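Report on one structure; see the data block that follows.
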Amino acid sequence: MRTAYSVETVRAAERELMARLPEGALMQRAAAGLAAACADLLGRVYGSRVVLLVGSGDNGGDALYAGARLARRGAGVTAVLLARPERTHSEGLTALLRAGGRVAADGGAEEAVERADLVVDGIVGIGGKGGLRPDAEALAGAVERSRAAVVAVDLPSGVEADTGEVRGSALRADLTVTFGTHKPGLLVDPAREYAGSVRLVDIGLELPPDAELEALQHADVARLLPRPAAESDKYRRGVVGIAAGSARYPGAAVLAVSGALRGGAGAVRYVGPAAQAVIARFPETLVSDQGPAKAGRVQAWVVGPGAGDDAATVAEVLSAEVPVLLDADGLRLAERNAVRGRTAPTLMTPHAGEAAALLGVPREEVEGARLASVLELAAVYRATVLLKGSTTLVADSGGGAVRVNATGTGWLATAGSGDVLSGLAGSLLAAGLSALDAGSVAAYLHGLAGRFAAAGAPAGAHDVAERIPEAWRDVRG
C-alpha cells in the first residue's frame, strides 16, 4: 500500500525525530537522498551543469546541501537565491560555497538556467500556498525554455501538498524526490501532473497507521479479489443486477453487463429495454421484463448507465436492501434524500461533470479541487463516491483514507468505458466486497485493462471489457 500524509502529520513526525537526532542530521539525510537521485538522473555528474533554485527555509537548505554533494563530485553548481540573504539557509549556502559551488550574479539567473543540464527546484516547501510569485514565475519560464531535466525537492513549487490543487503558476518536474512519505498532492490531479516520476527517500519518520490517502498496489488488490471455493455455486458467488440501457442507449446495457460478467460474481441479472441486445451478445445473462423488484434475488444492483429518463427504475432500485451502484443517468435521476436514507451501502461513480452537477458548481471547480469535491460528495450523499478521472478517487462517507488510483490511461476516455467500470464494480459488490474496496479494486483492474487494450493506440470500451481477465491474472501474478 502506498500512503500519503498531510503536512501537519509530516511536520509532527519530523519534530519528534529531530528531537532525537543531532542538529542538522535530518536535513543531511534528505540532502543525501536528493543528491543521489540527481546523480542517477544525470548519469555522469562530473562536468555537468546544475542550477539550484533556492527559496527560504529548509526546502532551500535541502537543495543547497545536495548541490554541495554534487559539486564535490565535479559538477558545476550554481545557486539562484530567491529569498533575502537573511532568509536563505546559511549553513547550506556555506557548504555549497566550500564545495566549489557559486551563487548566480545579479541578472545571470535565467542564462544559468537555460544552459543547465539539471535544475533543482527548491523554491517552495510543503507549506506553500497559491502559485509561484512573479520572480519565481519568470524563472519557471526559463526552465521550460531550457533542455534541462528538473528535479523537485519534496514536491513541485506552486502546487499544494495537502489538496493537490494548483492555484496559479507551478513548476513542472521530471522527477520529484519526496522525503519520509508521499504527500497527497503527489498522488492527486491536477498537482500530480506536475510531479513527473516520484522517488521516495526514507528519512526515518515514524508515521501514524491512518493515512490521509492510500493507493492500492498489486498485492493489495490480489488480497481483495474474490476467489470461489470448491463448494461455490453461481448463487453463493453472488448475483449482480443490472438496470441499464434504453431504446436510445442499448449499448450502455451491453457494456455494463460485459463488465459485470468479468467481475467475480456468479451470475448477472439484467432488467431493462435492451434485453435482446444483451442476450445476443451475452447469452449467459439472466433477463427479466418484470422490473427490479421482481427480477429475482440479487446481492447488489447497478442502475443508471444509459437509463435515459427512467426515474421510476432508479427509485425502485434505491429502495432495495442490498448494495447499489449509481452511475450516469442514475446519478441525475436519484433523489438525494433517497440515497441519504439508505441503510445498505451505496457507491456513486460520477465523472467531473456529473459531480459538478450534483454539487451545483462549475465543472472547473471540481477538476481543480478533486480531493475536496469527492469528500464533499461523500458527506452530502452519505455514500461512497468514486470520482473518475486520470487519477480516480474513492472516498467513503464514514471517513478514513481516500483511495487514489492511477493505473489507467488517457485512452480510457472513450464512450462506454464508464459503463464497463460500473458493471465490474457492481459485480465486486455482489461478490461481497465493501463499497470502498469494490470501487477501488474495480478502478485498478479497469485501468490495467485499459492499458492492455490500448497498448499505445485507441481502444473501445468493449476492448477494455475483454481485457479485464488479463488484468485480473496480472494482479494475481
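The values are calculated or read from the model by the stated rules, or taken from the named source; none is laboratory data. Being a predicted model, the structure only gives us computed values, none of them experimental. Don't worry about glycine lacking a Cβ; one is built from the backbone with ideal geometry, like all the others, and counts go over all protein chains shown. Note: areas computed on protein heavy atoms with side chains; ligands, DNA, RNA excluded. Shrake-Rupley method; radii C 1.70, N 1.55, O 1.52, S 1.80 Å.
Residue selection: residue 223 satisfies the criterion of being among the basic types (Lys, Arg), open to solvent by 50 Å² or more (accessible area, probe 1.4 Å) and free of Cβ contacts under 8 Å to residues at least 24 places away in the same chain. May I ask you to list the residues in region 147-160 that are open to solvent by less than 10 Å² (accessible area, probe 1.4 Å) and either of a type in the set (Val, Ile, Thr) or at pLDDT below 95 (or both)? Correct list: 150, 151, 153, 159.
Scan 267, 260, 275 and give me the residue that is at negative phi and surrounded by fewer than 19 Cβ atoms within 10 Å (Cβ to Cβ). Full working, then the answer.
On the way: 267 fails: surrounded by fewer than 19 Cβ atoms within 10 Å (Cβ to Cβ); 260 fails: surrounded by fewer than 19 Cβ atoms within 10 Å (Cβ to Cβ).
Matching residue, one of 267, 260, 275: 275.
Would you confirm whether or not region 131-153 contains a residue that is closer than 19 Å to residue 62 by Cα and in contact with a Phe, Trp or Tyr (Cβ under 6 Å, 6 or more places away or on another chain)? Scanning region 131-153 turns up no residue that is closer than 19 Å to residue 62 by Cα and in contact with a Phe, Trp or Tyr (Cβ under 6 Å, 6 or more places away or on another chain). Just one residue in the set 11, 73, 102 is among the basic types (Lys, Arg) and within 28 Å of the chain's Cα centre (by Cα); that residue is 11. Can you name the residue in region 350-382 that is free of Cβ contacts under 8 Å to residues at least 24 places away in the same chain and touching a Ser or Thr at 6+ places or on another chain (Cβ under 6 Å) and is also surrounded by the fewest Cβ atoms within 10 Å (Cβ to Cβ) among such residues? Residue satisfying both the conditions and the ranking: 378.
What pairs come out if I take residues in region 169-181 that are farther than 7 Å from residue 199 by Cα and pair them with residues that are among the acidic types (Asp, Glu) and part of a strand (DSSP E or B) whose C-beta lies under 9 Å away, six or more apart or interchain? Taking only residues 6 or more apart or on different chains, the pairs are 171/121; 173/121.
Checked against the criterion of being crowded, with 18+ Cβ neighbours inside 10 Å, within 25 Å of residue 395 (Cα to Cα), under 20 Å from the mean Cα position of the chain (by Cα) and of a type in the set (Gly, Ala, Ser), region 451-467 has no qualifying residue.
Okay, residues lined up against (1) within 23 Å of residue 445 (Cα to Cα); (2) open to solvent by 60 Å² or more (accessible area, probe 1.4 Å); (3) among the charged types (D, E, K, R):
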{"residue": "190", "(1), (2), (3)": "yes, no, no"}
{"residue": "204", "(1), (2), (3)": "no, no, no"}
{"residue": "213", "(1), (2), (3)": "yes, no, no"}
{"residue": "216", "(1), (2), (3)": "yes, no, no"}
{"residue": "237", "(1), (2), (3)": "yes, yes, yes"}
{"residue": "242", "(1), (2), (3)": "yes, no, no"}
{"residue": "247", "(1), (2), (3)": "no, yes, no"}
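Looking at 432, 439, 399 in this structure, which one is farther than 17 Å from residue 257 by Cα and either under 18 Å from the mean Cα position of the chain (by Cα) or at pLDDT below 95 (or both)?
Numbers: 432 fails: either under 18 Å from the mean Cα position of the chain (by Cα) or at pLDDT below 95 (or both); 439 fails: farther than 17 Å from residue 257 by Cα.
Step by step, each of 432, 439, 399 is checked, and only 399 is farther than 17 Å from residue 257 by Cα and either under 18 Å from the mean Cα position of the chain (by Cα) or at pLDDT below 95 (or both).
Total residues in region 155-211 satisfying the condition of being under 27 Å from residue 366 (Cβ atoms) and of a type in the set (Asp, Glu): the figure is 6.
Quick check on region 310-349: of everything there that is buried (at least 22 other Cβ atoms within 10 Å of the Cβ) and among the acidic types (Asp, Glu), which residue is farthest from residue 239 (Cα to Cα)? It comes out as 329. Out of 163, 181, one residue alone is open to solvent by 10 Å² or more (accessible area, probe 1.4 Å) and among the hydroxyl-bearing types (Ser, Thr, Tyr). It is 163. Applying a threshold of 7 Å to beta carbon distances and a minimum spacing of six or more residues, or different chains, the list of pairs starting in region 89-116 at a residue that is on the phi > 0 side of the Ramachandran plot and ending at one that is surrounded by 13 or more Cβ atoms within 10 Å (Cβ to Cβ) and in a helix (DSSP H, G or I) reads 100/71. Being of a type in the set (Gly, Ala, Ser), open to solvent by 20 Å² or more (accessible area, probe 1.4 Å) and either in contact with a Gly (Cβ under 8 Å, 6 or more places away or on another chain) or without any contact (Cβ under 8 Å) to a residue 12 or more places away in the chain (or both) is a property that holds for residue 229.
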